Amino acid sequence: ANQSIMKFFIEENKRYEIIDTLQGTQLLLESLHSRRAPIQSKGQECYELIKVKIFLPKPFTKQGENVWIRTETAEE
């Protein structure tokens, strides 16, 4: 898709925004748009491949496929 179409989806449609919700001691990260239809441009569909990187501090260890637990208390 061209730059103006992408600018619309990023700025106005908020297609790539992530919503963070604190549920007790858990932080849930979700896409604002859980289902993204293909972008149409000049009669053609533009498909997307989106990767998200999340950086965690060292005191977190993996406890499951999508679960990370803080193993140390934060120093105050």
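The values are calculated or read from the model by the stated rules, or taken from the named source; none is laboratory data. Since the model is a prediction, treat every value here as computed from it, not as a measurement. Here the Cβ positions follow ideal geometry from the backbone for every residue, glycine too, while neighbour counts run over all protein chains shown. The area values use the complete protein model at the heavy-atom level, side chains included, leaving out ligands, DNA and RNA. Shrake-Rupley method; radii C 1.70, N 1.55, O 1.52, S 1.80 Å.
How about segment 15-42: which of its residues are under 17 Å from the mean Cα position of the chain (by Cα) and farther than 30 Å from Arg70 by Cβ? Of everything in segment 15-42, those that are under 17 Å from the mean Cα position of the chain (by Cα) and farther than 30 Å from Arg70 by Cβ turn out to be Arg15, Arg35, Arg36, Ala37. The residues on offer are Glu48, Glu75, and the sole one that is modelled with pLDDT under 80 and in contact with a strand residue (DSSP E or B) (Cβ under 8 Å, 6 or more places away or on another chain) is Glu48. Note on segment 39-67: residues that are surrounded by 10 or more Cβ atoms within 10 Å (Cβ to Cβ) and in a loop (DSSP other than H, G, I, E, B) total 3.
Residue count for segment 17-38 under the criterion of being modelled with pLDDT of 80 or more, open to solvent by less than 70 Å² (accessible area, probe 1.4 Å) and of a type in the set (A, V, I, L, M, F, W, C): the result is 2.
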